[in-house]
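A.B. asks: Pasting in a structure now, in C-alpha cells, and then I'll have a few things to ask.
The values are calculated or read from the model by the stated rules, or taken from the named source; none is laboratory data. In this text, all values refer to a predicted model and were calculated from it rather than measured experimentally. Neighbour counts run over all protein chains shown; Cβ positions are idealised from the backbone, glycine included.
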Amino acid sequence: MADQLAGKGAARAARRKNEKGNRMENGVRRPGWGTYLILGSVVLISVVPLYYTFLLSSSTAGDIARNPIPSLVPQSHFIENIGRVLSAGIGFWPALLNSILVAVITAVSVVFFSTLAGFSFAKLRFRGRNGLLAFVIGTMAVPTQLGIIPLFILMSKLGWTGKLVAVIVPAMVTAFGVFWMTQYLSEALPYELIEAARVDGCSMIRTFWHVALPAARPAAAMLALFTFVGSWTNFFWPFIVLGSSNPTLPVALQLLQASYFKDLSLIMAGVVLATLPLLVLFALAGRHLVAGIMQGAVKG
Amino acid sequence: MTWSQRLSRWDVRSAPYLYIAPFFLLFALVGLFPLLYTGWVALNKWSLVTGDQGFIGLANFQYVLQQPRFWDAVTNTFSIFLLSSVPQIIAAIFIAAMLDANLRAKTFWRMGVLVPYVVAPVAVSLIFGQLFADESGVVNTILTSIGLDPIGWHSDRLWAHVAIATMVNFRWTGYNALIFLAAMQAIPRDIIEAAVVDGADRWRTFINVTIPQLRPTIIFVVITSTIGGLQIFDEPRMFDNFGLGGADREWMTVTMYLYELGWNTQRNLGRAAAVAWLLFVIIVVITLLNYAITRRIASSDAHPKRKAVAR
C-alpha cells in the first residue's frame, strides 16, 4: 500500500511539474546574460566566504597575520589544523557526537509527533478541532525564546543542566511541524484509505502507523531536514543550558573563539568541521530544502 | 455492546485528542508556562545561584529601565534589525524575480542562493568577523589598497551594526528569495499578461502588478523577521571574542543584555526576566504595528479578490 501511495504522489508531482513547464514554455523567452550575471554574483557571494574559510583553515596564523588573503589556492596545513582543533581541549569530538545525537533524535521525534497530530487535525473529526488548530498556528508567532529564564530554572530543578536531554526535550514537537503535516495530510491522504483500514479492523494507532505515516513520507522527509538543520545550527539555548562541559558544535565554536582567538587558522578549521557535515547534507538533499521552503511559502 | 466494541468506540473518541496531546503538553510546559512565569520571576529578587529571595514588586523593572545600557541595547537591536530586514527583503524580491525567469539549470540557481542557510549563525559570525576585522581584515585591506581609510568595524557603532546586519543578510536573503519565488509563481499569469497587453513594460508590470500580488507574502516575511530579528543574539555575541557587545557595548542587543544580567556579570535572573518581559512587550507592539500598517496598505489594493487567489 505504501508503494502505491508513493507512486500516486510521484505522479501528482510529475503532473504539477508538467503544468509549470508548459506555462514557462508558452511564449516566455529565456532571460538574457544580464540575469545570469547577477544571479551568478549572488551565488558567488553565497559561496566565496565559505571557500575563504577553507583557505584560512589550510593556512597558518602567521601567514594570515601577514596577509588576510594568504593565497587563492588552499595551502598544505589543513589536516594539521583539523588535528589541532580535535586535540584543542575543547572537546570537539564529543561536540560533534552531541550535535549528531541531538539533531537526529529531535528530527525523528518532531516528525513522529507532528505527523501524529497532523493526522488527527487533517483526518479525524472531533469537537474543538478548528479552534485547537488555530491555537497551534497562533503559537508560531509567540517568541518562546523569551521564556528562557523559567525554562532554565526548570532544567536546574530537574538536574538536567549540562545534559543533552535539556536541549532535546523542549524541541521534540513544534507548531510548525504540526501545521506542516496537517497541511500535507489533508491533501495527500484519501479518506477511503483510512476507512478501508478501519473496515479491515485496524485500531486508530495501527491506521496511523500503516496508512498515514507511509502517506506522509515526502513531507516528513522535508520536515526532518529542516529540523535537522535548525537543531545543528542552534546556539542560544544549548549555550545557556549545556555550557562548556558538554557542548554541541556551535557552543564548541564559541569556546574555541574565546580561548584561541589569535589563532585564526585553528578557528577556521573548527568552522569547517562544524559546517562541512551540513554542506554534504545540502549537496545530497538541498533540492528538497528548496522545494520545502517553496511549498511552505505557498501554504503558509 | 461487547467489550471489544466498547474499546473500539473509546479508541475512536479519544484518539484525536491523544494524538494532538503531545504538542499541547510540551507547549504548555516549555512554551507557555515559562513565558508567563517570566512575569513572576521579574517581580522577585531571584539569583542564579541562590534562587528566589522574595517578592520585590517592580524594582527589577525600575532598575532595568534606569540603565543607559538597556536603552543602548534597544537602540542597537532596532538599528541592526532595520539594517538587516529592509535591504534583505528588497534584495530577496529582486533575486526572486530573476529566479522566476525561464532559467536554464533552475535547480542549480535555487540551491546556489540557499547555501548560506545551512551555515550556523555562529560560524557565519566567525567568518565575517575575519572579513570585517579592524586590522588585517579582508574588507579593510581592500579599502586601504584602493586608497581609502580603513573602517573601525569594532569601534564605530553604526559600522558594527552594518557588519552584523551583513551576516544576517548573508544567511537569510536566499531563503526569503525562495519564499517570494514561490509566491510569484502562484500569481495567475493572466494578470501579468493583461498588464503586458495594456502596454506596460517589464519594470512597470513588476512594480504595479507583481509587487501588490506579493503583499500577503511580504507581510508574512516582515512579521517572521521581526519576531526573529528583535531577539538576535548569535551573530553579535560572536562578533568579538569577549562576547559582551564591544568596549562601549556598541553592538550589545537586548537578548545579549538579558544574558549579561542573568548569567554573566550579575547572575540576577529577576532583572534578566524583567528584560525578557520588556522585549516581549516590544515585539508584540512592533508586530501589531507592522500588521496594522501593512493591512492599511493592503486594504487600498484594487484587487482584493485576486489577492486571495494568489495566496
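A.B. asks: Can you pull out the residues in the range B:208-263 that are of a type in the set (Ser, Thr, Tyr) and within 23 Å of A:Thr139 (Cβ to Cβ)?
C.D. replies: Residues satisfying the conditions are B:Thr217, B:Thr224, B:Ser225, B:Thr226, B:Thr255.
A.B. asks: Taking the residues in the range A:245-259 that are in contact (Cβ under 8 Å) with a residue 60 or more places away in the chain and small (Gly, Ala, Ser) as candidates, determine which candidate is farthest from the other protein chains (Cβ to nearest Cβ).
C.D. replies: A:Ser245
A.B. asks: Can you list the helices (runs of 4 or more DSSP H) found entirely within the range B:196-303 that contain at least 1 residues being β-branched (Val, Ile, Thr) and surrounded by fewer than 21 Cβ atoms within 10 Å (Cβ to Cβ)?
C.D. replies: Ranges flagged: B:202-205, B:215-229, B:269-299.
A.B. asks: Another one. Just checking, which of B:Val119, B:Val138 is closer than 26 Å to B:Val162 by Cα and without any contact (Cβ under 8 Å) to a residue 24 or more places away in the chain?
C.D. replies: Criteria check complete, one pass: B:Val138.
A.B. asks: Please state which one of B:Gly152, B:Gly137 is under 25 Å from A:Leu273 (Cβ atoms) and among the small types (Gly, Ala, Ser).
C.D. replies: Step by step, each of B:Gly152, B:Gly137 is checked, and only B:Gly137 is under 25 Å from A:Leu273 (Cβ atoms) and among the small types (Gly, Ala, Ser).
A.B. asks: Determine which single condition A:Ser59 fails, assuming it passes every other condition in (1) surrounded by 12 or more Cβ atoms within 10 Å (Cβ to Cβ); (2) within 10 Å of chain B (Cβ to nearest Cβ); (3) at pLDDT below 95.
C.D. replies: Against the list (1) surrounded by 12 or more Cβ atoms within 10 Å (Cβ to Cβ); (2) within 10 Å of chain B (Cβ to nearest Cβ); (3) at pLDDT below 95, A:Ser59 comes up short only on (2).
Results for (1) within 12 Å of chain B (Cβ to nearest Cβ); (2) more than 21 Å from A:Ala166 (Cβ to Cβ); (3) in contact with a Gly (Cβ under 6 Å, 6 or more places away or on another chain), shown as yes or no for each residue.
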site	(1), (2), (3)
A:Tyr191	no, yes, no
A:Trp237	yes, no, no
A:Phe261	yes, yes, no
A:Gly270	yes, yes, no
A:Ala274	yes, no, no
A:Arg287	yes, yes, no
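A.B. asks: Every residue in the range B:100-116 that is more than 7 Å from chain A (Cβ to nearest Cβ) and assigned to a helix (DSSP H, G or I), please.
C.D. replies: Residues satisfying the conditions are B:Lys106, B:Phe108.
A.B. asks: Filter the range A:125-141 for residues that are in contact (Cβ under 8 Å) with a residue 24 or more places away in the chain and within 7 Å of chain B (Cβ to nearest Cβ); which is surrounded by the fewest Cβ atoms within 10 Å (Cβ to Cβ)?
C.D. replies: A:Thr139
A.B. asks: Testing B:Leu29 on (1) farther than 30 Å from B:Asn264 by Cβ; (2) surrounded by fewer than 17 Cβ atoms within 10 Å (Cβ to Cβ), one condition comes back false. Which one is that?
C.D. replies: (1)
A.B. asks: I'd like to verify a number: residues in the range B:160-195 that are more than 10 Å from every other protein chain (Cβ to nearest Cβ) and not in a helix (DSSP H, G or I), how many?
C.D. replies: 2
A.B. asks: Checking the structure you have, find out if any residue of the range B:285-304 is at pLDDT 90 or above and either outside the structural domain of B:Phe132 (by TED's automatic domain parsing) or on the phi < 0 side of the Ramachandran plot (or both).
C.D. replies: yes
Every residue, every condition in (1) in a loop (DSSP other than H, G, I, E, B); (2) in contact (Cβ under 8 Å) with a residue 40 or more places away in the chain; (3) facing chain A (nearest Cβ under 8 Å), yes or no:
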position: B:Ser14; (1), (2), (3): no, no, no
position: B:Tyr17; (1), (2), (3): no, no, yes
position: B:Pro22; (1), (2), (3): no, no, yes
position: B:Phe27; (1), (2), (3): no, no, yes
position: B:Tyr37; (1), (2), (3): no, no, yes
position: B:Arg69; (1), (2), (3): no, yes, no
position: B:Leu83; (1), (2), (3): no, yes, no
position: B:Ala91; (1), (2), (3): no, yes, no
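Each row is one residue, and each column tells you yes or no for (1) closer than 15 Å to A:Ile240 by Cβ; (2) in the same structural domain as A:Trp237 (by TED's automatic domain parsing); (3) polar (S, T, N, Q); (4) at pLDDT 95 or above.
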| site | (1), (2), (3), (4) |
| --- | --- |
| A:Val110 | no, yes, no, yes |
| A:Gly118 | no, yes, no, yes |
| A:Phe126 | no, yes, no, no |
| A:Leu132 | no, yes, no, yes |
| A:Leu146 | yes, yes, no, no |
| A:Phe152 | yes, yes, no, yes |
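A.B. asks: I've got another one for you. Test each condition in (1) in contact (Cβ under 8 Å) with a residue 60 or more places away in the chain; (2) assigned to a loop (DSSP other than H, G, I, E, B) for A:Asn81 and report the one that comes out false.
C.D. replies: So the condition that A:Asn81 fails would be (2).
A.B. asks: Would you confirm whether any residue within the range B:136-159 is at pLDDT 95 or above, touching a Ser or Thr at 6+ places or on another chain (Cβ under 6 Å) and part of a helix (DSSP H, G or I)?
C.D. replies: no
A.B. asks: Which condition from (1) closer than 20 Å to A:Ile100 by Cβ; (2) aliphatic (A, V, I, L, M); (3) surrounded by fewer than 21 Cβ atoms within 10 Å (Cβ to Cβ) is the one that A:Leu154 breaks?
C.D. replies: Answer for A:Leu154: the failing condition is (1).
A.B. asks: Which of the following residues is assigned by TED's automatic domain parsing to the domain that holds A:Gln183, surrounded by fewer than 17 Cβ atoms within 10 Å (Cβ to Cβ), under 12 Å from A:Leu225 (Cβ atoms) and at pLDDT 90 or above: A:Leu278, A:Leu284, A:Leu289?
C.D. replies: Of the residues listed, the single one that is assigned by TED's automatic domain parsing to the domain that holds A:Gln183, surrounded by fewer than 17 Cβ atoms within 10 Å (Cβ to Cβ), under 12 Å from A:Leu225 (Cβ atoms) and at pLDDT 90 or above is A:Leu284.
A.B. asks: Right, something else. Return the residue satisfying two criteria in turn: it lies in the range B:144-195 and is more than 16 Å from the chain's Cα centre (by Cα) and polar (S, T, N, Q), and of such residues it is surrounded by the fewest Cβ atoms within 10 Å (Cβ to Cβ).
C.D. replies: My answer is B:Ser145.
A.B. asks: Let me ask you something else. For the range A:176-188, does any single residue satisfy the condition of being within 26 Å of B:Trp277 (Cβ to Cβ) and of a type outside the set (Ser, Thr, Tyr)?
C.D. replies: Looking for residues that are within 26 Å of B:Trp277 (Cβ to Cβ) and of a type outside the set (Ser, Thr, Tyr), one finds at least one in the range A:176-188, hence yes.
A.B. asks: Something else: Take the residues of the range A:157-183 that are assigned to a helix (DSSP H, G or I), without any contact (Cβ under 8 Å) to a residue 12 or more places away in the chain and more than 9 Å from every other protein chain (Cβ to nearest Cβ): which is nearest to A:Ser109 (Cα to Cα)?
C.D. replies: Once the filter is applied, the top-ranked residue is A:Val165.
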